[in-house]
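The values are calculated or read from the model by the stated rules, or taken from the named source; none is laboratory data. This structure is a prediction, so every number in the text was calculated from the model and none was measured. Here Cβ is always computed from backbone atoms with ideal geometry, including for glycine, and neighbour counts include all displayed protein chains. Please note that ligands, DNA and RNA were not included when accessible areas were found on the heavy atoms of the full protein model with its side chains. Shrake-Rupley method; radii C 1.70, N 1.55, O 1.52, S 1.80 Å.
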Amino acid sequence: MELNEIKSLWEVYDKKLEASLKLNQRFIDLIVAEKVRSSLAPLFWRRIAEGIVQLACMAFLVVFLCRNFSEPAYSVSALSLIAFYMVAFINSIRQLVIIKRMDYSNDIVTIQSGLAMLQAHNLDYARMVVLFIPACLAFPTVVLKAIKDLHIDSFANKDMITLTGGHWWTAQVAATLSLIPLGLWCYNQLSYKNLHKKWVRNFIQRSSGKRVRKAAEFMKELHSLKFEAI
Amino acid sequence: MAMTDKILFTELIKENKGIIFKVCNSYCSSKEDRDDLAQEIIYNLWKSFAAYKANFKFSTWMYRIALNVAISFYRKEKNKPHRTIYSENLLIFEEDSTPNTEEEKNLRLLLQFIGQLKEIDKSIMLLYLGDKSYRDIAEITGITESNVATKISRIKEKLKTNFLTNQNNFYGTK
């Protein structure tokens with residue numbers, strides 16, 4: 001089939017539609033009466049809920065920090081976790097701005113990149129977690145101390161300082177210094193730009209699901225459409 | 001929004017309803033999905049209508065929104081609940097259950113082949129067949145004119161090959 005034949009087939013299709021396609025007027029009336037909500041609305045409220053959880057975590061950590069300010073092991077751990085939740089919170093706010101500013105009359109590549117970014121939200125978390133690998137001891141340090149402060153007998157001696165035999169600082173500094181290169185390397189690798197690498201594809205799928213992997217693949221396709229000669 | 005805007009919007013939608021149907025038909029295989037998508041497209045057209053500038057061709061503006069909504073709709077998870085708010089169909093179009101003429105069969109094949117294209121390729125082909133210039137297609141899609149030209153030529157080849165393969169299979173089995 002030649003191109004002119006395809007075009008003339010399309011014209012036939014146009015004429016058929018012109019002759020028999022009808023729109024239900026009552027539905028258009030409902031739309032213009034603004035009785036229909038956007039399908040992005042649930043996503044917006046999910047991000048709001050996430051932001052509230054992140055703020056609650058930060059509030060808990062600030063209280064923890066105030067109570068344990070004089071003990072550097074706890075205050076340093078709490079501060080690094082506050083930094084973690086702060087980055088996550090900023091990310092949620094950024095996503096809310098994208099949703100609010102979503103204007104479908106922009107070009108396809110721009111809008112679809114924004115939407116794919118929203119879909120790949122869990123990938124941002126996965127990247128953040130690997131970036132915080134060097135501060136991995138902070139989480140058990142804070143959690144065990146908080147449980148200990150609840151005076152539960154079975155947790156009486158189960159704080160990280162006791163568990164590391166008083167060498168918490170040595171363990172922390174050693175873990176941080178040795179894991180910084182790994183954290184930074186993983187953070188840079190876990191991007192849609194590296195989807196051609198099998199381990200990156202597998203990691204994204206296992207940590208964030210198939211949907212996120214597909215969104216990342218779409219981001220890569222859009223990026224190449226916009227910026228590369230095809 | 002003013003009453004005149006509502007009337008104007010309704011008129012423009014009626015005039016260009018074919019665009020909505022073609023986009024929905026290319027991105028959705030089931031009637032329910034097609035109706036859901038049509039609702040979402042009209043909702044977003046109405047939401048953006050206040051910002052529509054008359055110096056921009058309405059069909060071009062409409063294509064941008066319809067295709068953006070369709071691609072994001074298509075990419076959503078499957079098995080999602082339908083959001084139809086209205087029990088009646090929004091788009092009413094009776095298709096021939098069995099194509100009789102050669103032309104009808106070819107049209108059905110063409111629609112099937114377009115439906116099988118990748119999301120962005122589908123958009124480009126719909127715009128191309130909708131008589132949009134390369135410049136318009138580049139503006140709507142956000143890719144360069146030269147990339148549009150390359151894409152179109154590849155898609156055309158693919159469609160030709162699909163028709164040829166189908167023809168060979170048909171005569172081969174006869």
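For this structure, a couple of remarks:
- Helical mean residue ellipticity (222 nm; -39500 (n - 2.57) per DSSP H run of 4+; nearest 500) of chain A: -24500 deg cm²/dmol
- Under 12 Å from a label point set 7 Å out along the Cα-to-Cβ vector of A:Ser70, no amide N atom of segment A:127-158 is found.
- Among B:Ser26, B:Ser153, B:Ser59, residue whose mean-square fluctuation peaks in a GNM of chain B (springs only between Cα atoms under 10 Å): B:Ser153
- For the protein assembly as shown, the C-alpha radius of gyration sits at 1.27 times the compact-globule guess of 2.2 N^0.38 Å, with N the residue count.
- Within segment B:1-62, the trypsin sites (Lys or Arg not before Pro) that combine a DSSP coil assignment with at most 13 other C-beta atoms in a 10 angstrom radius are B:Lys53, B:Lys57.
- For the protein assembly as shown, the solvent-accessible area works out to 52 Å² per residue, with a probe of 1.4 Å and every protein chain left in place.
- Projecting the Cα atoms of A:Gln25, A:Ser208, A:Leu65 onto the charge dipole of the protein assembly as shown, computed from C-beta unit charges around the Cα centre, puts A:Leu65 farthest toward the positive end.
- When the chymotrypsin sites (Phe, Trp or Tyr not before Pro) in segment A:1-87 are filtered for DSSP coil states and for at most 12 other beta-carbon atoms within 10 Å of their beta-carbon, the remaining sites are A:Phe69.
- Most fluctuating residue given options B:Asp131, B:Asp35, B:Asp121, as computed from a GNM of chain B linking Cα atoms under 10 Å: B:Asp131
- Accessible heavy-atom area order of B:Tyr63, B:Tyr134, highest first, probe of 1.4 Å: B:Tyr134, B:Tyr63
- Positions from segment A:62-108 whose accessible area shrinks by 30 Å² or more when the full protein complex is built, not the chain alone, probe 1.4 Å: A:Tyr104, A:Ser105, A:Asp107, A:Ile108
- Between the C-alpha center of segment A:143-169 and that of segment B:100-174 there is a gap of 66 Å.
- Seen against the Cα atoms of chain A and their longest principal axis, helix A:108-119 is set at about 40 degrees.
- Signed unit charges on C-beta, dipole axis of the protein assembly as shown, positive-most listed residue A:Val130, A:Leu3, B:Leu117: A:Val130
- Principal axes of segment A:131-230: Cα extent on each, largest first, Å: 64, 27, 20
- Here chain A is treated as a Stokes sphere of Kirkwood radius computed over C-alpha pairs; at 25 °C and 0.890 mPa s its diffusion coefficient rounds to 111 µm²/s.
- Between 0 and 90 degrees, the angle of helix A:198-208 with respect to the longest Cα principal axis of chain A falls at about 80 degrees.
- Within the accessible area of the protein assembly as shown, the carbon and sulfur atoms contribute 58%, probe 1.4 Å, all protein chains present.
- Low-density loop positions, trypsin sites (Lys or Arg not before Pro), segment A:1-76 - DSSP coil, at most 12 other Cβ in 10 Å: A:Lys35, A:Arg37
- Area accessible to solvent at A:Val97, 1.4 Å probe radius, in Å²: 60
- Rounded to 10°, Cα long-axis angle of helix A:168-189 versus longest principal axis of chain A: 10
- Buried area at the B-A interface (accessible, heavy atoms, 1.4 Å probe, summed, Å²): 6000
- Based on DSSP H segments of at least four residues, each scored -39500 (n - 2.57), chain B has a per-residue ellipticity at 222 nm of -23500 deg cm²/dmol.
- Length-normalised contact order of chain A in % [C-alpha pairs under 8 Å, at least 6 apart]: 19
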